[in-house]
1. With the condition kept exactly as written, say whether any residue in region 10-33 is without any contact (Cβ under 8 Å) to a residue 40 or more places away in the chain and assigned to a loop (DSSP other than H, G, I, E, B).
2. Sort out which residues of region 1-33 are open to solvent by less than 70 Å² (accessible area, probe 1.4 Å) and either touching a strand residue (DSSP E or B) at 6+ places or on another chain (Cβ under 9 Å) or at pLDDT 85 or above (or both), and write them in order of number.
Amino acid sequence: MIKFILLIILIVVFQGCATWTGIKQDSNRAWEATKDTSSDVYHSVKKSIHEATE
């Protein structure tokens, strides 16, 4: 019975670690994509405003 409980606890802990690592990687990728897209949008809007005011 104790082995079974220990096994269940270990499974939950290891799955939690794997999930946390996956979440960190996914959020890092999402943040990089957001930064790249935001930078592109910022520069295109800045260029459009500059062209409109000339």
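1. So the first thing to find is which residues in region 10-33 are without any contact (Cβ under 8 Å) to a residue 40 or more places away in the chain, and the list is 10-33.
Those left that are additionally assigned to a loop (DSSP other than H, G, I, E, B): none.
So far as region 10-33 goes, no, none of its residues is without any contact (Cβ under 8 Å) to a residue 40 or more places away in the chain and assigned to a loop (DSSP other than H, G, I, E, B).
2. The answer is A30, A33.
The values are calculated or read from the model by the stated rules, or taken from the named source; none is laboratory data. All of these numbers come straight from a predicted model, not from anything done at the bench. Ideal geometry is used to build each Cβ from the backbone, glycine not excepted, and the neighbour counts take in all protein chains shown. We work out accessible area using only protein heavy atoms, side chains counted, and drop any ligands, DNA or RNA first. Shrake-Rupley method; radii C 1.70, N 1.55, O 1.52, S 1.80 Å.
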